Amino acid sequence: MSESDAQLLRRARADPEALGELYLRYRDRLYRWFRARVPESDASELTAELFAQVALNLRRFRDEADGSAGPWLYGIAKNLVRRYHERGRVETAARRRLGIPLRAYELDLDAIDDRLVAEAAEPGLASAVESLPSGQREALELRVLGERPYDEIAVEVGCTETAARLRVMRALGKLARLVGA
C-alpha cells in the first residue's frame with residue numbers, strides 16, 4: 001500500500017525522495033489548476049514555486065484531511081495566485097502612472113501565422129503588383145505602403161478622391177484574383 005500524503009510529508013523532512021513522490025502525485029493537477037487561472041507561461045513557474053514553498057514549510061503541515069495534503073497544497077496555490085494577481089495590479093498601476101505602455105509579451109500565434117502566409121505569398125505577390133496598370137499600382141502603393149488618405153492620393157495621381165478609391169479597390173481585387181486569396 002502506498003504512503004499517504006501526510007506520511008510522505010513527514011518523511012520528506014529527512015528524505016527528499018519523499019517530496020519527489022508527492023511532487024509526482026500532485027504536479028499535473030496543480031499545473032492544470034494554475035493554468036486555468038494564469039497564462040501558460042506563468043503556470044509552470046507557479047507550480048515550481050508551490051513545491052519550493054512546500055519544501056521550505058514541511059514542518060508547518062498539519063494533517064487535517066485524513067492523510068491528504070490536497071487542501072494544504074491548494075491553499076498554498078490559492079495564495080500564490082492571489083499574490084500573482086496583486087503583483088500584476090501593482091505593476092499595471094505603476095506603468096500607467098509612469099506612462100509606460102501596457103504590452104502583453106505572449107506569443108500572438110495569429111500574427112505569426114499571418115506573417116508566414118504573407119511570406120509564402122510574397123514572390124507571387126510582387127509579380128502580381130508589377131502586372132497592375134500603373135495608375136492602380138501607384139494608388140495602391142500610396143494607400144497600402146504609404147498609408148496615405150484618399151484625398152492625398154487623388155492629388156498625387158491627378159484624379160478625384162472617388163477615382164483614387166476605385167483604383168485602390170480594383171487593384172486589391174485584381175491582386176486577390178492573381179494570388180488566389
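The values are calculated or read from the model by the stated rules, or taken from the named source; none is laboratory data. Because the structure is predicted, anything quoted here is derived from the model rather than measured. Quick reminder, even Gly has a Cβ in these numbers, built from the backbone with ideal geometry, and neighbours come from all protein chains shown. Please note that ligands, DNA and RNA were not included when accessible areas were found on the heavy atoms of the full protein model with its side chains. Shrake-Rupley method; radii C 1.70, N 1.55, O 1.52, S 1.80 Å.
Restricting region 1-18 to residues that are among the hydrophobic types (A, V, I, L, M, F, W, C) and surrounded by fewer than 18 Cβ atoms within 10 Å (Cβ to Cβ) leaves a set whose member that is farthest from Thr47 (Cα to Cα) is Met1. If you go through region 132-145 and keep only what is small (Gly, Ala, Ser) and surrounded by 12 or more Cβ atoms within 10 Å (Cβ to Cβ), you end up with Gly135, Ala139. So which of Gly124, Gly158, Gly88 is loosely packed, with under 13 Cβ neighbours inside 10 Å and at pLDDT below 90? Going through Gly124, Gly158, Gly88 in turn, the sole match is Gly88. Does Ser41 qualify as being exposed (fewer than 13 other Cβ atoms within 10 Å of the Cβ) and in contact (Cβ under 8 Å) with a residue 40 or more places away in the chain? Taking the combined requirement at face value, the residue satisfies it.
Once region 47-65 is narrowed to residues that are assigned to a loop (DSSP other than H, G, I, E, B) and in contact (Cβ under 8 Å) with a residue 40 or more places away in the chain, the residue that is least open to solvent (accessible area, probe 1.4 Å) is Phe61.
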